[in-house]
Amino acid sequence: MSRVRADEEEYWHSSKFRAFTFDDEDDELSQLKESKRTVNSLRDIVDDDDDDLERVSWSGEPVGSISWSIKETASGSTSSLDGRDSSLQKGSSSYAALPKQASSYSLSSLFKGRNKLSSFQSLSDALTDTGVRNYAPELRRPKAEYKDYSSDWSPKDTVRRMQRGKVCSLERFRSLQDKLVLLDEAVAGHDGNVITAVLIFLKRTLRREILFRELEVRQVALCHLIHFLREMGEQKFLLDLLRFLDRTEEVALSQYREHLNIQDVEKRREFLKGCIGLPFSAEDTSHIQDHYTLLERQIIIEANDRHLEMAGQSELFRKYPRKASILNMPLVTTLFYSCFYHYTEAEGMFSSPTNLKKTFKIPDKQYVLTALAARAKLRAWGDVDALLTTKNWLGYTKKKAPIGFHRVVEILQRNNAPVQVLQEYVRLVEDVDTRLNLATKYKCHDVVIETYRDLRDRIQLTAYKCKVERGSAEEEKIQSILSNMVRNAY
């Protein structure tokens, strides 16, 4: 009787399985063996009469199909190249009996313990193959990973883990004091991503008044939040923050930026008109006024030019059709457009270039550069000459270029100006080296010859004689200059 009772005690107190704990440090091989023995015991209860059922692979495709064969062959070849454990090669007889290709196994044969070639093998033996174990799913996560979900991290430790990309929940920081300490630690860590993440958490969990008050004494975090709000387009929240901080000019600029989101030109004009009264600085107020005036002019010019273009009354619009609308274009683009289509109009017209120059106080250098590019594009060389000609109080005329004649030459050459026009302005370049370089580059032979003549450089004249066409007027000119130099020398 005592023996029977002892057997019962041993039965109830013994078990092949052990409870799982996160702190368990045993290796996974023993657990894997237990699982294999459990699955291997299924052979005794699985019916052997389902051979006529279609066998499928682990990917779900029928065994024997073309795609299945390709995948299984590739998998088998990959497994055969993997290194084998030396202890398994020497001590395991079942490993040596395994076929080389995994394609000889189906789901049903694995549970029944036989393969396609009618050779029997247990699942436990099959799972000892290194190639098969490489594809087995991970049984559990490493113990260290579970510490990411601990609720005992301090604000400093939380920030450090966020800097390393670890998952950390901020919801445990419920009190205002803990949230502010967390923010201070994030700022001290000098990591912009962490600071932004903490600010998003505070923005979501604190009232605006409290958040604004605390950020007012934390300028680094405040700058991060303002930049974040601008990037995300949270205009209302940003305006509330700037008003709380009494930054009136920034509030006005933020409101002014809203015009970029207004597509209708009339609504944008009215919006800009309302922005003129906002508390801008004196310089910014002038810019806002110019923006409103420019858009108003563009609306008038666009309406008139569209009518002329559709009616076909202007030869210039027929020869050079407009490529785009003038609305919402910058001032320089509007000036170029005006110099291109309305260059000869009187100053009293809104579309006149001189009217734009006077209204918006465009500098002479900018005006000449833009007008020169527009008239050169139309190949109006007479207008180019008049643009660069000035008259003094005695009535004498002279050429003058605020942008420098070297830039005039480059603009004219870019618009395929004839050599005669180019030579006229290359001669006006004061620097000798620059003049020679431009004349040589654009083949202004007369300018090169005249410059070397003035320098009395016989060597360069002789060398340049080889570069001009034989028998040309330029060659005869060089020869005549060289002969005169020889006569004068004697």
Margin query: Would you confirm whether or not region 322-336 contains a residue that is open to solvent by 60 Å² or more (accessible area, probe 1.4 Å) and touching a residue at least 60 places away in the same chain (Cβ under 8 Å)?
Written below: yes
Notebook entry, point to check: Being outside any helix (DSSP H, G or I), under 24 Å from Gln413 (Cα atoms) and among the basic types (Lys, Arg), is that true of even one residue in region 360-368?
Noted result: no
Next item on the list: Restricting attention to helices (runs of 4 or more DSSP H) lying wholly within region 418-485, give those where 1 or more residues are under 22 Å from Trp381 (Cα atoms) and at pLDDT 90 or above.
Entry: 419-426, 432-441, 445-455
Notebook entry, point to check: Going through region 221-257 one residue at a time, which ones are open to solvent by 80 Å² or more (accessible area, probe 1.4 Å), more than 27 Å from the chain's Cα centre (by Cα) and within 14 Å of Asp284 (Cβ to Cβ)?
Noted result: Glu249
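The values are calculated or read from the model by the stated rules, or taken from the named source; none is laboratory data. Everything numeric here is computed off the predicted structure, so don't read it as measured data. Every residue, glycine among them, receives a Cβ derived from its backbone with ideal geometry; neighbour counts consider all protein chains shown. Just so you know, the surface numbers come from the protein's heavy atoms only, side chains and all, with ligands and any DNA or RNA stripped out. Shrake-Rupley method; radii C 1.70, N 1.55, O 1.52, S 1.80 Å.
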